[in-house]
There are 2 protein chains.
Amino acid sequence: MIGIDWGTSSFRAFRLDADGAISDRRAAPRGILAVEGGRFEEELLRQVGDWIADGERQVLMSGMIGSRQGWLEAPYVACPAGVAEIVAQLAVVPCEGADLRVVPGLTCTDAGGTPEVMRGEETQIIGVLEEMDGPALACLPGSHSKWAEVADARIVRFATYLSGEAFAALRGHTILGRLMRDAPIDLAAFDRGVARAAEPGHLLHHLFGVRTLGLFGALDETQGASYLSGLLIGHEVRAALPAGGATVHLIGAAALCDLYTRAVAACGARSVVHGDDAAARGLARLGRDAAWH
Amino acid sequence: MIGIDWGTSSFRAFRLDADGAISDRRAAPRGILAVEGGRFEEELLRQVGDWIADGERQVLMSGMIGSRQGWLEAPYVACPAGVAEIVAQLAVVPCEGADLRVVPGLTCTDAGGTPEVMRGEETQIIGVLEEMDGPALACLPGSHSKWAEVADARIVRFATYLSGEAFAALRGHTILGRLMRDAPIDLAAFDRGVARAAEPGHLLHHLFGVRTLGLFGALDETQGASYLSGLLIGHEVRAALPAGGATVHLIGAAALCDLYTRAVAACGARSVVHGDDAAARGLARLGRDAAWH
């Protein structure tokens, strides 16, 4: 089969053998926002048309390709949900020459009754389910970081934190960015930001401190962005970790997972990093139970 | 004397009689960022040169005019500070034909040792000191909201919240703004945002809820910005109010003070709104004790 992780800004395809192993892969900066006029079929054939011509008829896609802005709006499945609940609601996309399906997203409501959604992350979590021992916490860091509770091989509930996007907006469009210069990540400054998140005071107050530390020479221009990143990630991790602690299963790009590993450790919890291929493994796992015909 | 509140984006001048009453006033969108090439003396004479020619020699200025980007960098006075401490450190600005002075800013450090600063707000707080009965809390809402504890006619300590600037950055430069249309403030949506701030979950999580409520049709495009404003102000007020409650003395523009009044009431505390002339009264009070010669 072919598994495709098709998000907002990137396209990744995996050719998967019967055991779920990756026999070939392709990646392109062809996320759904880059595909004009809804020509998704054309794009799919451009990327993996040769694999389909080669006999791969089963194509399973996850991510924002199943959103209102994507190819076909797939439903949201209510949590708790595992492989069975997700596979039961795969959306079929009419496509000549291939049996094409889209993985549904997940939804739940938080304690206050506000809805939560994910699209794509559910497939990545399914991909690492077997490595989670008993009740566990999965974290998928990013623009909209997802934290999901997993028990009995199902995603029980989850919460999203806007940390990544807030970082970009605060850095790029507030006074905080004026004292910052582009620089590689400064781990010492990042750790200081994480530590600051544990101090009394709300995030909105801590943010102003990024400015004053710069004004008073306690944070130089090459450190500011790293400190701000640590401050936001520190707040996120501290808020998302349960009181009793937990092992956090980090799923995502290596550089970002490294930062979260530091922040989780600073909060006294343990983490395990899963590679970027969680999506491929999740697609293979879901594809195994899908009733292709 | 002449009192001038000269901030980043606006210039306000008050002609004050011996009793501190305002006998005339001028305002212009000529904040320090609008004055090119540091030509502050030229700008001052353009705005109030006739008053000076008329015999007003004593000119006292507060606000960002005393910052590194202003006319002359005035010091920061350490808290606790009242009229005596502030007057002792007025900065003298050389100016032909007038005895020109700048009010110093204030500084303190928060529980974690991070510095805090204000410039201009100290003068507004001094302006309403006489109306504060016993220990009190002053709040000056804005891009960088200030919350100050006052006791024995001195500012004991204060904290800044980046709420206003964070609102603009999040609304204008994240996905949250995509589901928002310009509209007058919707007080019901604002109140919902304030109520949301009291629910479990961190601000970074609540922010994502602004998106999902829009996606699920629970918040329409004309309500989104009001809800986001309530969410941020609700978080700020809740974090800034002491556990035992307090009377909050709000100082600022009427429309913004109205919103804070609602948020303070929702948190179970009482507030009093002081008008926009607090700066004029503070300048008059400081001018009374300044040793002009």
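Things to note:
- Subset of segment A:1-37 [among the small types (Gly, Ala, Ser) and over 16 Å from residue A:63 (Cβ atoms)]: A:18, A:20, A:21, A:23, A:37
- Candidates in segment A:115-136 are the residues that are surrounded by 21 or more Cβ atoms within 10 Å (Cβ to Cβ) and not in a helix (DSSP H, G or I); of these, the one that is nearest to the other protein chains (Cβ to nearest Cβ) is A:116.
Here is a yes/no grid of residues against (1) buried (at least 23 other Cβ atoms within 10 Å of the Cβ); (2) among the aromatic types (Phe, Trp, Tyr); (3) within 29 Å of residue A:111 (Cβ to Cβ):
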residue	(1), (2), (3)
A:200	no, no, yes
A:217	no, no, no
A:228	yes, no, yes
A:242	no, no, yes
A:248	yes, no, yes
A:253	no, no, no
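- Residues of segment B:81-114 classified as in contact with a Leu (Cβ under 9 Å, 6 or more places away or on another chain), surrounded by fewer than 19 Cβ atoms within 10 Å (Cβ to Cβ) and among the β-branched types (Val, Ile, Thr), total: 2
- Exclusive hit being within 30 Å of residue B:230 (Cα to Cα) and surrounded by 20 or more Cβ atoms within 10 Å (Cβ to Cβ), set A:211, A:238: A:211
- Hits in segment B:151-169 (condition: in contact with a helix residue (DSSP H, G or I) (Cβ under 7 Å, 6 or more places away or on another chain) and in contact (Cβ under 8 Å) with a residue 60 or more places away in the chain): B:153, B:155, B:159, B:161, B:163, B:166, B:167
- Within segment B:91-106, tally of residues that are over 19 Å from residue B:143 (Cβ atoms) and part of a strand (DSSP E or B): 7
- The set of residues in segment B:71-119 that are without any contact (Cβ under 8 Å) to a residue 24 or more places away in the chain, within 25 Å of residue B:52 (Cβ to Cβ) and touching a Ser or Thr at 6+ places or on another chain (Cβ under 8 Å) contains only B:73.
- For residue A:168, the conditions (1) over 15 Å from the mean Cα position of the chain (by Cα); (2) farther than 30 Å from residue A:220 by Cα; (3) aliphatic (A, V, I, L, M) all hold with the exception of (2).
Every residue, every condition in (1) assigned to a helix (DSSP H, G or I); (2) surrounded by fewer than 18 Cβ atoms within 10 Å (Cβ to Cβ); (3) in contact with a strand residue (DSSP E or B) (Cβ under 8 Å, 6 or more places away or on another chain); (4) at pLDDT 95 or above, yes or no:
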position: A:19; (1), (2), (3), (4): no, yes, no, no
position: A:23; (1), (2), (3), (4): no, yes, yes, yes
position: A:26; (1), (2), (3), (4): no, yes, yes, yes
position: A:30; (1), (2), (3), (4): no, no, yes, yes
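The values are calculated or read from the model by the stated rules, or taken from the named source; none is laboratory data. Quick caveat, the model's predicted, so the values are computed rather than measured. All Cβ positions, glycine included, derive from the backbone under ideal geometry; neighbour counts span all protein chains shown.
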